[in-house]
Each structure stands twice: as structure tokens, then as C-alpha cells.
Amino acid sequence: MRKSLVALSVLAASAVPAVNAADYSDDIHKNDYSWSQFNLMMAVDELPGESTHDYLEMEFGGRSGIFDLYGYVDVFNLTSDPGSDKADAEKIFMKFAPRMSLDAVTGKDLSFGPVQELYLATVMEWGGMSGVNSQKIGLGSDVMVPWLGKIGLNLYGTYDSNAKDWNGYQISTNWFKPFYFLDNGSFISYQGYIDYQFGMNDDVPGLSTSNGGAMFNGIYWHSDRYAVGYGLKAYKDVYGLKDGGFAGKTSGVGHYFSVTYKF
């Protein structure tokens with residue numbers, strides 16, 4: 001259930017047009033693009049549960065008119081290892097994160113200061129070991145910041161479809177920064193994200209907390225067709241689960257190794 005970052009390189013390195021993304025007064029399709037890729041992953045000490053496992057990630061996204069899309073499907077335990085903690089668990093996790101551009105819908109440039117574009121942002125997640133079934137909705141944006149360049153910044157309210165109830169909020173950001181370029185055209189990037197939940201129900205002693213989150217810091221080598229990377233993910237009461245409680249260890253660090261083929 002890792003949010004992949006290799007896709008950000010596709011957007012930043014090859015898909016982001018030179019024109020102002022917020023100005024759709026002449027043609028809402030002028031910034032359209034699409035991409036897809038396969039990531040072969042190995043997670044080490046992933047939290048909660050200090051899980052070490054392999055998985056295949058099928059990742060996709062793009063832009064079409066008013067819609068901006070990111071999504072992936074993870075398939076766990078590809079080697080069918082009977083000793084894996086995924087062996088008797090659900091094998092698939094899916095995340096779809098469409099955003100609808102308010103600039104494109106209104107036909108107006110809503111940018112201001114460092115904010116380039118505004119969105120109605122959503123996230124839908126299903127599956128995984130914990131049987132996730134949640135939806136998020138809120139305000140999204142693309143923001144220019146020093147050195148990192150354009151980042152995504154979204155604030156959501158979260159609806160838990162299993163509990164049939166709203167449960168807290170999430171603020172998310174992601175970034176992609178090429179910082180070293182090789183003579184053959186490939187490059188090395190620093191890329192990452194933060195997902196932080198707050199205002200959640202904490203009425204189950206020993207299990208839940210009102211806040212928690214994770215930060216991913218990745219170093220990746222990219223060519224036009226391939227990518228290889230390592231990411232260090234720092235957790236703090238991830239998913240609002242109390243560290244050392246019934247869910248076990250939920251604070252600490254995990255490691256992610258990936259090899260990518262870009263279509």
C-alpha cells in the first residue's frame with residue numbers, strides 16, 4: 001500500500017508542458033498526456049507489522065481535459081512464498097486518485113502566488129491486509145516551492161465505507177527533483193511524499209490514535225525506459241494505529257527497492 005513515486009518522474013521529466021497549466025481558456029485538452037509502467041518491488045520492514053515482502057505494482061496516470069489521474073494496483077507475494085505474511089492474506093490493493101481541475105471547469109486561471117492550479121481532489125482505496133475501503137474528498141493544488149519545483153498539495157476529509165462514517169482528515173504532498181544529470185541523458189532524482197492523518201477517532205484504547213502518518217524519501221535513477229530506486233519510509237503511528245498497541249509496531253522506518261519498466 002505504498003504510494004509509488006516513480007510516476008512523478010514521468011510527469012516532471014517528460015509530460016509537463018511548458019505552457020501555463022492553469023490557463024485553459026483556449027483548449028482544455030492542450031495539456032493531455034498518459035503513461036503506464038510496471039514496478040517490481042521489495043518492501044523490507046514495512047509497517048505496521050514489520051512486513052518484508054515482494055509485490056508487483058501496475059501504475060498509471062495522465063491528464064485528459066478537466067481530469068488529472070493517478071492510480072496503481074499492487075499484487076502481493078508474487079513468488080507464492082508460504083512463509084510470507086501475505087501468503088494467506090488478500091493479494092491485491094488498489095488506489096485511484098482522480099482530481100478535477102477547477103481551472104479547466106470554470107475556464108478561468110485560478111492561480112495565485114505559488115499556486116498554479118486548483119482541483120477537486122479525491123482518493124479511493126480498496127483491499128490489502130486490513131480490508132481497506134475508504135474514500136477521500138477535498139481541495140487539491142499544484143504549488144511551486146523553492147528548489148523542489150512543482151509539488152502536489154491536497155487536503156481531504158476521509159470516509160470509511162466499512163464503518164459507514166467520516167473519520168478525520170488527511171493532508172498529502174509529493175515532490176520530484178532531478179538533481180544530477182548524466183551524459184547519456186539519464187538522471188538521478190530525489191522524490192518523495194508525506195501523508196499525514198489527523199482528527200481521527202481514537203476511542204479504542206490500545207489501538208487507535210487521533211493522528212499519524214508517513215514520509216517517503218527516495219533516490220532513483222531514471223532513463224527513458226527504466227528506473228531503479230531505493231526509498232526510506234519513516235512512520236509515526238501510521239494509519240492512526242497506536243505504536244506498541246494491538247497493531248504492533250507502527251512507528252519506525254521501512255525500506256523499499258524497485259525496478260521499473262516504463263511503457
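The values are calculated or read from the model by the stated rules, or taken from the named source; none is laboratory data. None of these values were measured; they are calculated from a predicted model. Cβ placement follows ideal geometry from the backbone for every residue including glycine, while neighbour counts extend to all protein chains displayed.
Is it the case that Asp81 is acidic (Asp, Glu), surrounded by 14 or more Cβ atoms within 10 Å (Cβ to Cβ) and in a loop (DSSP other than H, G, I, E, B)?
Taking the combined requirement at face value, the residue does not satisfy it.
Going through the range 234-247 one residue at a time, which ones are surrounded by 18 or more Cβ atoms within 10 Å (Cβ to Cβ) and not charged (D, E, K, R)?
Tyr235, Val238, Tyr239, Gly240, Leu241, Ala247
What are the residues in the range 161-195 that are among the polar types (S, T, N, Q) and either within 23 Å of Val253 (Cα to Cα) or part of a strand (DSSP E or B) (or both), if any? Walk me through it before giving the result.
The first filter runs over the range 161-195 and keeps only residues among the polar types (S, T, N, Q), leaving 161-162, 167, 170, 172-174, 184, 186, 189, 191.
Residues satisfying the conditions are Asn167, Gln170, Ser172, Thr173, Asn174, Ser189, Gln191.
Pull up the range 104-123, narrow it to residues that are among the aliphatic types (A, V, I, L, M) and surrounded by 15 or more Cβ atoms within 10 Å (Cβ to Cβ), then point me to the one that is farthest from Gln135 (Cα to Cα).
Step one: of the range 104-123, the residues among the aliphatic types (A, V, I, L, M) are 104-105, 110, 115, 118, 120-121, 123.
Narrowing further to those that are surrounded by 15 or more Cβ atoms within 10 Å (Cβ to Cβ): 104-105, 110, 118, 120-121, 123.
Details: Ala104: 23, Val105: 22, Leu110: 26, Leu118: 20, Leu120: 13, Ala121: 11, Val123: 6 Å.
Residue satisfying both the conditions and the ranking: Leu110.
Tell me whether the range 91-111 contains one or more residues that are assigned to a strand (DSSP E or B), in contact with a strand residue (DSSP E or B) (Cβ under 6 Å, 6 or more places away or on another chain), aliphatic (A, V, I, L, M) and farther than 28 Å from His29 by Cα.
yes
Is it fair to say Val123 is at pLDDT 95 or above, assigned to a strand (DSSP E or B) and touching a His at 6+ places or on another chain (Cβ under 6 Å)?
Numbers: at pLDDT 95 or above: yes; assigned to a strand (DSSP E or B): yes; touching a His at 6+ places or on another chain (Cβ under 6 Å): no.
Criteria not met by Val123.
Which condition does Met144 not pass, out of (1) assigned to a strand (DSSP E or B); (2) buried (at least 16 other Cβ atoms within 10 Å of the Cβ); (3) of a type outside the set (Gly, Ala, Ser), if it passes all the others?
Of everything listed in (1) assigned to a strand (DSSP E or B); (2) buried (at least 16 other Cβ atoms within 10 Å of the Cβ); (3) of a type outside the set (Gly, Ala, Ser), Met144 misses just condition (2).
Taking the conditions exactly as written (of a type in the set (Ser, Thr, Tyr), part of a strand (DSSP E or B), within 30 Å of Tyr226 (Cα to Cα) and out of contact with any helix residue (DSSP H, G or I) (no Cβ under 7 Å at 6 or more places or on another chain)), does Thr158 satisfy them or not?
No: the conditions fail for Thr158.
Determine which member of the set Gly231, Gly192, Gly213 is in contact with an Asp or Glu (Cβ under 8 Å, 6 or more places away or on another chain), within 27 Å of Met58 (Cα to Cα) and buried (at least 19 other Cβ atoms within 10 Å of the Cβ).
Gly213
Residue by residue through the range 54-90, note down the ones that are of a type in the set (D, E, K, R) and more than 30 Å from Ile28 (Cα to Cα).
We begin by selecting, within the range 54-90, every residue of a type in the set (D, E, K, R); these are 54, 57, 59, 63, 68, 74, 81, 85-86, 88, 90.
Answer for the range 54-90, where residues must be of a type in the set (D, E, K, R) and more than 30 Å from Ile28 (Cα to Cα): Asp54, Glu57, Asp74, Asp81, Asp85, Lys86, Asp88, Glu90.
Quick one: is Met144 at pLDDT below 95 and of a type outside the set (Gly, Ala, Ser)?
no
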